[in-house]
Amino acid sequence: MKIIIDSQTKTIANKKITIVKKATDESKEKTLISEPDNHSNITISLSTLCDAIDVRSAGYSWFEKLKVQKETEATLIVQDIDSQYILWLIEGLMLGNYSFNKYKSAEPFVIKSLVTNAQLKQSDITRLQNLIEAVNWAKDQVNEPGNKLGTTEFAKRISQLCTQSGATVEILGKKKISALKMGGLLSVNLGSTEDPALGILTWKPENAINKKPIVLVGKGIVFDTGGYNIKTSNYMNDMKTDMAGAAAVAASVAYAAKQKLPIYVIGITPITDNRLQSAAMVPGDVIYMHNGTSVEVLNTDAEGRLILADGICYAQKFNPEVTISIATLTGAASVAIGPYASVVMGNNNKLLNKVIEAGNCASERLVNFPLWDEYAALIKSDIADLKNIGGREAGAITAGKFLEHFSTASPFIHIDIAGTAYIDKKLDYRHKGATGVGVRLFANFMENFQVAD
Ligand SMILES: [Zn+2]
């Protein structure tokens, strides 16, 4: 969507416009959008009670009104509103202006351009466009069906995205992964017809403010059947989305490169599917991870932590400033708080607060779960160093505790997006389907990152 600044833009006869202004009655709704008919203007009133999520949601509602009016070239007249609010509003509009349409014959409704008199900086507009492009890329991958996005194809797309954005990419194939003894990734891959892959995506500008990289590790299970612990009923239906963490990581590194952020960041994306074949893992198997830790696999559907653990181990050789994993990891996270926020946990409060703050800035809210030592007892195995499942209690936390074990050289933070990566109905500024969660959060985190003294 093109954004054109024209300070002369004002009400034009015979042309529908959108007017955004301060609410006159603060006691009523925080945001108010008029119900326009086909001929009338849309009015958006914002009160001082609005926060970022309210305004982004108003932006999405605005998109829906324009869609009803079939207005593909929008005009926005701003009356005395701070530019931060306008940027949130346009962001909401742009997030709504997405559809996954490649398998449909009908053309989708798309807003092509927006002309406004708002005094926005060109750098803010460029940032927004790069950000939405990154989010849309992530959404596209998550929406893509399993038969169109296998391991090889996903790795290829990540490689293309990063190269085009200016980041460097290395994709490790099975031979290298075997030489590195990544038993988690190799074992989950045993039931697959495609070889596993591990992406290492790097943005390291000369003016980076951090010497030690921020490392993001994203789960890339392109399809999850559960393996021999097969998913029953309709629990398998949306399992094409189980690579949303890896998509968010790749999009975030690409965004950093595109925006030339002065941040040294590395993305690690272990990729495979989790399927059933005679060679696939069975419950009770013991495997060895990249750092030599032995793991008793008591549930083949708790496979995400196995591939992430190898990615997190591998990340330690870069001596990270912080290791952050992001994954559609546990149903427990989704059951606990629903699609309204993602779950976060970590062992460094200062960094954890920065990540939570970034989530608030992006309206990608995070709820902090504990990562206390007591939880480690729940993943002790009788016959190996760890087991990959901790029982019914605290399922999201025991998964995080399992991962923390492998972040030996750096503070560790884990984000569980099982409830937020893909939603089955519209919610606030998010439409049905893939949300691209994580990308705007990481963008904010990197943009506000400061090295600790
Ligand atoms: Zn699984």
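No lab work stands behind these numbers, since they all come straight from the coordinates. Just so it is clear, the structure is predicted and the values come from calculations on it, not from any experiment. Positions of Cβ are backbone-derived with ideal geometry, glycine not excepted, and every protein chain shown enters the neighbour counts.
In the stretch 310-406, which trypsin sites (Lys or Arg not before Pro) are in a loop and have at most 12 other Cβ atoms within 10 Å, using DSSP for the loop call? Walk me through the numbers before you get to the answer.
Numbers: sites: Lys317, Lys350, Lys354, Arg365, Lys380, Lys387, Arg392, Lys401; in loops: Arg365, Lys380, Arg392.
Answer by residue number: Lys380, Arg392.
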Expressed in nanometres to one decimal, the distance between label points 7 Å along Cα→Cβ at Glu153 and Ser381 is 3.4 nm
Compactness of the stretch 282-387, expressed as Rg and Dmax over alpha-carbon positions, Å: 15.4, 45
Quote the convex hull volume per residue of the stretch 320-370, based on C-alpha atoms, as a whole number of Å³. 83 Å³
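Two-decimal Rg/Rh of the stretch 160-210 from alpha-carbon positions, Kirkwood Rh?
We get a ratio of 1.12 for the stretch 160-210.
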Scattering curve values for the stretch 322-453, log₁₀ I(q)/I(0), Debye with Cα scatterers, q = 0.13, 0.15, 0.17 Å⁻¹: -0.54, -0.71, -0.89
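Test of the criteria: in the stretch 89-129, which trypsin sites (Lys or Arg not before Pro) are in a DSSP loop and have at most 10 other Cβ atoms within 10 angstrom of their Cβ? Don't skip to the end; give the middle numbers.
Numbers: sites: Lys102, Lys104, Lys112, Lys121, Arg127; in loops: Lys102, Lys104, Lys112, Lys121.
Sparse-neighbourhood loop trypsin sites (Lys or Arg not before Pro): Lys102, Lys104, Lys112.
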So what's the stretch 219-348 giving for Rg/Rh, alpha carbon basis, Kirkwood Rh from the mean inverse pair distance? 0.98
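Given the C-alpha atoms of the stretch 2-120, compute the convex hull and give its volume per residue in Å³.
Numbers: hull volume 12.8 nm³, N = 119.
Taking only Cα atoms, the stretch 2-120 has a hull volume of 107 Å³ per residue.
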Cα pair distances in the stretch 135-247, grouped into 5 Å bins until the bin that holds the longest one, percent each: 2, 10, 19, 22, 19, 13, 8, 4, 2, 1, 0
Can you list the trypsin sites (Lys or Arg not before Pro) in the stretch 205-257 that are in a DSSP coil and have 11 or fewer other beta carbons within 10 angstrom? Lys211
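Rule-of-thumb check for the chain: C-alpha Rg over 2.2 N^0.38 Å? The partial results should precede the final answer.
Working: Rg = 22.6 Å, N = 453, 2.2 N^0.38 = 22.5 Å.
Ratio of Cα Rg to 2.2 N^0.38 Å: 1.01.
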For a bin width of 5 Å, list the pair-distance distribution of the stretch 101-181 built from all Cα-Cα distances, rounded to whole %. 3, 10, 14, 17, 17, 14, 10, 7, 4, 3, 1, 0
Can you tell me the 0 to 90 degree angle between the C-alpha axis of helix 395-404 and the longest principal axis of the chain, rounded to 10? 70 degrees
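Per the Kirkwood formula on distinct C-alpha pairs, the Rh of the stretch 53-133 is how many angstrom? Can you show the working numbers first?
Values: mean 1/r = 0.0748 Å⁻¹.
Hydrodynamic radius (Kirkwood, Cα pairs) of the stretch 53-133 is 13.4 Å.
Based on alpha-carbon atoms only, what is the radius of gyration of the stretch 379-440 relative to the globular estimate 2.2 N^0.38 Å?
Details: Rg = 15.8 Å, N = 62, 2.2 N^0.38 = 10.6 Å.
For the stretch 379-440, the normalised Cα radius of gyration comes out at 1.50.
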